[in-house]
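The block underneath contains the structure these notes are about, expressed in structure tokens.
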Amino acid sequence: MIDIIVTVCVLISLIFSILGVIGLFRFPDFYTRIHAAGLVGSFGILFMGAAVLIYAAGLFFSGEGAWLNFGAHILIALVVTVITGTTSTHAIARSAYRSGNRPDAKSDALKDDIESMKRREEKKR
């Protein structure tokens, strides 16, 4: 039973990783590509870590002593990966924006909202 759950988690991790690679090739600009790589990579690692934790739980219930080694290492790796992955993605995107790499947006929703709010304020006066 645990083997099936581990296999499902590994397959979900594989699907997320493949979607991240497809996103790197298909998305038009830097920001959408880094979003795909960062977000999907984190989910891929989380599901792979869940598979290892479930396997470690299976070792615990079967009475083997290696469960603590697997569990402790993967928990540390998951925490470090999630924190550093999201932080580095944010730092890379911020440095790209500050260096002049602007998003390739056909329309700027925030700018449109601000302009419509200004027009409403002018009509009220």
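Here, each number is a calculation from the coordinates, and none is a lab measurement. Owing to the predicted nature of the structure, the values given are computational and were not obtained by experimental measurement. Positions of Cβ are backbone-derived with ideal geometry, glycine not excepted, and every protein chain shown enters the neighbour counts.
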TODO: Take the range 25-54 and flag every residue that is charged (D, E, K, R) and assigned to a helix (DSSP H, G or I).
DONE: R26, R33
Task: Options A91, A72, A57: the member that is assigned to a helix (DSSP H, G or I) and surrounded by 12 or more Cβ atoms within 10 Å (Cβ to Cβ) - done: A57
- [ ] Any chance you could count how many residues in the range 60-78 are more than 15 Å from I45 (Cα to Cα) and among the aliphatic types (A, V, I, L, M)?
- [x] 3
